[in-house]
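Peer 1: This structure is in structure tokens; I'll ask about it shortly.
The values are calculated or read from the model by the stated rules, or taken from the named source; none is laboratory data. Please read these numbers as outputs of a predicted model, since none were measured by experiment. All Cβ positions, glycine included, derive from the backbone under ideal geometry; neighbour counts span all protein chains shown.
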Amino acid sequence: GAGVSQSPRYKVAKRGQDVALRCDPISGHVSLFWYQQALGQGPEFLTYFQNEAQLDKSGLPSDRFFAERPEGSVSTLKIQRTQQEDSAVYLCASSSPRGTSLSSYEQYFGPGTRLTVT
Amino acid sequence: AQRVTQPEKLLSVFKGAPVELKCNYSYSGSPELFWYVQYSRQRLQLLLRHISRESIKGFTADLNKGETSFHLKKPFAQEEDSAMYYCALRKGGTSYGKLTFGQGTILTVHP
């Protein structure tokens with residue numbers, strides 16, 4: 001079946017612009033994660049949704065970052081007034097089919113969105 | 001806070017040689033450890049997890065709580081093993097599974 005998809009795959013933004021990154025998780029997955037991966041680094045956790053509820057946003061680096069998942073399916077990560085330090089690959093992952101234990105399932109990653117802020 | 005360290009950024013071996021990718025972690029509780037792999041132009045995917053005690057594509061990893069390590073090993077490397085490898089930790093007992101990743105090791109297997 002279809003895996004996690006993300007769009008756009010590449011985004012170039014001028015400093016100060018707002019951007020919106022979309023994630024389509026695997027159908028029926030309860031859990032959705034966003035990670036940020038800077039060049040040469042491993043992914044770093046940004047935020048977590050269980051269905052439509054954002055239960056953990058401890059990794060969001062500033063109040064310019066905002067994420068939502070209003071219907072418990074598609075999620076959008078929005079970055080306002082982008083800065084050069086926001087340049088990174090943004091990864092989305094989903095896991096936990098409905099009716100299963102939340103912590104016991106593997107996370108399936110999308111291909112990522114590479115954001116370049118000039 | 002938990003931390004994962006992969007001391008080698010780059011690792012090169014020849015085909016047929018043994019390979020070991022190092023991973024050390026710091027976490028005061030009982031962690032769950034994973035290895036993720038990213039092949040060229042592919043997405044990040046799970047390779048193996050310590051609780052499964054399985055061998056995937058000839059790779060194994062043993063959790064050593066005394067040394068706080070979870071090194072990935074393969075006795076005979078193949079060219080198709082060339083990839084980026086990430087060690088990751090998840091807090092045990094959490095209701096959801098956010099991961100803490102190491103910086104990654106690029107493995108190159110030469111013919």
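Peer 1: Please name all residue pairs, on different chains or six or more residues apart, with Cβ atoms under 9 Å, provided the first residue is in the stretch B:1-28 and is more than 21 Å from B:HIS110 (Cα to Cα) and at pLDDT below 95 and the second residue is aromatic (Phe, Trp, Tyr) and part of a strand (DSSP E or B).
Peer 2: Short answer, once both residue conditions are applied: B:GLN2/B:TYR25; B:ARG3/B:TYR25.
Peer 1: Still on this structure, I have one more. Considering only the stretch A:50-93, state which residues are crowded, with 16+ Cβ neighbours inside 10 Å, of a type in the set (Gly, Ala, Ser) and outside any strand (DSSP E or B).
Peer 2: Answer for the stretch A:50-93, where residues must be crowded, with 16+ Cβ neighbours inside 10 Å, of a type in the set (Gly, Ala, Ser) and outside any strand (DSSP E or B): A:GLY59, A:GLY72, A:SER73, A:SER87.
Peer 1: Could you please find all residues in the stretch B:70-102 being part of a strand (DSSP E or B), among the hydroxyl-bearing types (Ser, Thr, Tyr) and either farther than 30 Å from A:ASP56 by Cβ or under 10 Å from the mean Cα position of the chain (by Cα) (or both)?
Peer 2: Correct list: B:TYR85, B:TYR86.
Peer 1: On to the next question. List pairs: first residue in the stretch A:97-118 and away from chain B (no Cβ under 12 Å), second residue at pLDDT below 85 and outside any strand (DSSP E or B) anywhere in the structure, Cβ distance under 8 angstrom, at least six positions apart or on different chains.
Peer 2: Here the result reads A:PRO97/A:TYR105, each pair linking the stretch A:97-118 to a residue that is at pLDDT below 85 and outside any strand (DSSP E or B).
Peer 1: Can you report the number of residues in the stretch B:72-111 which are of a type in the set (Ser, Thr, Tyr), surrounded by fewer than 15 Cβ atoms within 10 Å (Cβ to Cβ) and free of Cβ contacts under 8 Å to residues at least 60 places away in the same chain?
Peer 2: The total comes to 2.
Peer 1: Just the residues that are in a loop (DSSP other than H, G, I, E, B) and crowded, with 18+ Cβ neighbours inside 10 Å, please, taken from the stretch A:1-24. Write out each step before concluding.
Peer 2: Of all residues in the stretch A:1-24, those in a loop (DSSP other than H, G, I, E, B) come to A:1-4, A:8-9, A:14-18.
Selection gives A:VAL4 alone.
Peer 1: Sort through B:SER69, B:SER40, B:SER30 and tell me the only one that's on the phi < 0 side of the Ramachandran plot, within 14 Å of chain A (Cβ to nearest Cβ) and out of contact with any Ser or Thr (no Cβ under 9 Å at 6 or more places or on another chain).
Peer 2: After applying the criteria, what remains is B:SER30.
Peer 1: For B:GLU20, state whether it is assigned to a loop (DSSP other than H, G, I, E, B) and closer than 13 Å to B:TYR85 by Cβ. Reasoning before the result, please.
Peer 2: Details: assigned to a loop (DSSP other than H, G, I, E, B): no; closer than 13 Å to B:TYR85 by Cβ: yes.
Spelling it out, it is not the case that B:GLU20 is assigned to a loop (DSSP other than H, G, I, E, B) and closer than 13 Å to B:TYR85 by Cβ.
Peer 1: Ok, one more. Just one of the numbered conditions (1) without any contact (Cβ under 8 Å) to a residue 12 or more places away in the chain; (2) touching a Leu at 6+ places or on another chain (Cβ under 6 Å) is not true of B:LEU63; which one?
Peer 2: Result: B:LEU63 passes all but (1).
Peer 1: While we're looking at this one, here's another question. Can you name the number of the only condition in (1) within 12 Å of the chain's Cα centre (by Cα); (2) modelled with pLDDT under 95 that A:ARG22 fails?
Peer 2: With respect to (1) within 12 Å of the chain's Cα centre (by Cα); (2) modelled with pLDDT under 95, A:ARG22 is out only on (2).
Peer 1: Taking A:SER27 as the residue in question, decide whether it is of a type in the set (Gly, Ala, Ser), part of a loop (DSSP other than H, G, I, E, B) and at pLDDT below 95.
Peer 2: Values: of a type in the set (Gly, Ala, Ser): yes; part of a loop (DSSP other than H, G, I, E, B): yes; at pLDDT below 95: yes.
Against the criterion (of a type in the set (Gly, Ala, Ser), part of a loop (DSSP other than H, G, I, E, B) and at pLDDT below 95), A:SER27 qualifies.
Peer 1: Okay, moving on. Please state which one of A:GLN41, A:GLN37 is under 25 Å from B:ALA1 (Cβ atoms), in contact with a strand residue (DSSP E or B) (Cβ under 7 Å, 6 or more places away or on another chain) and either in contact (Cβ under 8 Å) with a residue 40 or more places away in the chain or not basic (Lys, Arg) (or both).
Peer 2: Going through A:GLN41, A:GLN37 in turn, just one is under 25 Å from B:ALA1 (Cβ atoms), in contact with a strand residue (DSSP E or B) (Cβ under 7 Å, 6 or more places away or on another chain) and either in contact (Cβ under 8 Å) with a residue 40 or more places away in the chain or not basic (Lys, Arg) (or both): A:GLN37.
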